[in-house]
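The values are calculated or read from the model by the stated rules, or taken from the named source; none is laboratory data. From a predicted model like this one, the values you see are computed outputs, not experimental measurements. Cβ sites come from the backbone with ideal geometry, for glycine too, and all protein chains shown count toward neighbours. Each accessible area value is taken on the protein alone, full model and side chains, heavy atoms only, with ligands, DNA and RNA left out. Shrake-Rupley method; radii C 1.70, N 1.55, O 1.52, S 1.80 Å.
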Amino acid sequence: MLCYSAVRGCKGGNISRETFAMFIEPEYHSKLELPVGRSLEDTQCIEAEKHLPCSVRTLRSRWKMGMNFGQFSDATFAAFH
């Protein structure tokens, strides 16, 4: 099931919408594991891959079970450069 949401402005009053970007990443040697109850097929749906722009490398080509964040980062960098 797809769920879409949108940001809507407030009507009236002195109310504003503020944004704050926060970038985080795991430790370099942290294992990247699937959430409990999910399979590799859940994360790398071939049907969804068909809609990626040709310049975007698939997750399937960059991430393998057992990789840590550093290995994934290295594979991602290599895939794009």
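So what's the back-of-envelope 222 nm ellipticity for the chain, counting only DSSP H runs of four-plus at -39500 (n - 2.57) apiece and dividing by all residues, rounded to 500?
Numbers: 4 runs with 24 residues, N = 81.
Theoretical 222 nm ellipticity from helices: -6500 deg cm²/dmol.
Please enumerate, by chain and number, the lysines with C-alpha under 27 Å from the C-alpha of K50, excluding those fewer than 8 residues away in the same chain.
Reachable lysines: K64.
Please compute the net charge surrounding A78, taking Lys and Arg as +1 and Asp and Glu as -1 over other residues with Cβ under 13 Å from its Cβ.
Around A78, the surrounding residues sum to +1.
Might you report the magnitude of the Cβ-based charge dipole of the chain about its Cα centre, with Lys and Arg at +1 and Asp and Glu at -1, to the nearest 20 debye?
Working: 10 positive and 9 negative charges, 59 e Å.
The dipole of the chain has a size of about 280 debye.
Show T58, T19 ordered by accessible area, largest first, where the area counts protein heavy atoms only and the probe is 1.4 Å.
Per-residue accessible area, sorted high to low, gives T19, T58.
What's the angle, to the nearest 10 degrees (0 to 90), between helix 69-80's Cα axis and the longest principal axis of the chain?
Once rounded, one gets 90 degrees.
Just to be sure I follow the definition: excluding the sites themselves, where is the longest run in the chain that has none of the GluC sites (Glu not before Pro) in a DSSP loop with at most 11 other Cβ atoms within 10 Å?
Value returned for the longest uninterrupted segment is 34-81.
Defining a contact as two alpha carbons under 8 Å apart and six or more residues distant in sequence, what relative contact order in percent does the chain show? Mind dumping the intermediate values first?
Values: 39 pairs, mean separation 26.6, N = 81.
Relative contact order of the chain: 33 percent.
N68: net charge of surrounding residues, Cβ under 9 Å, Lys/Arg +1, Asp/Glu -1, itself excluded?
Neighbourhood net charge equals 0.
Using a 1.4 Å probe on the protein heavy atoms only, what accessible surface does I24 show? Give it in Å² to the nearest 10.
Result for I24: roughly 140 Å² accessible.
State the extension gain, in nm to one decimal, for the chain segment bounded by L34 and M22, taking 0.36 nm per residue of separation less the distance between their alpha-carbons.
Working it through step by step, the gained length comes to 2.0 nm.
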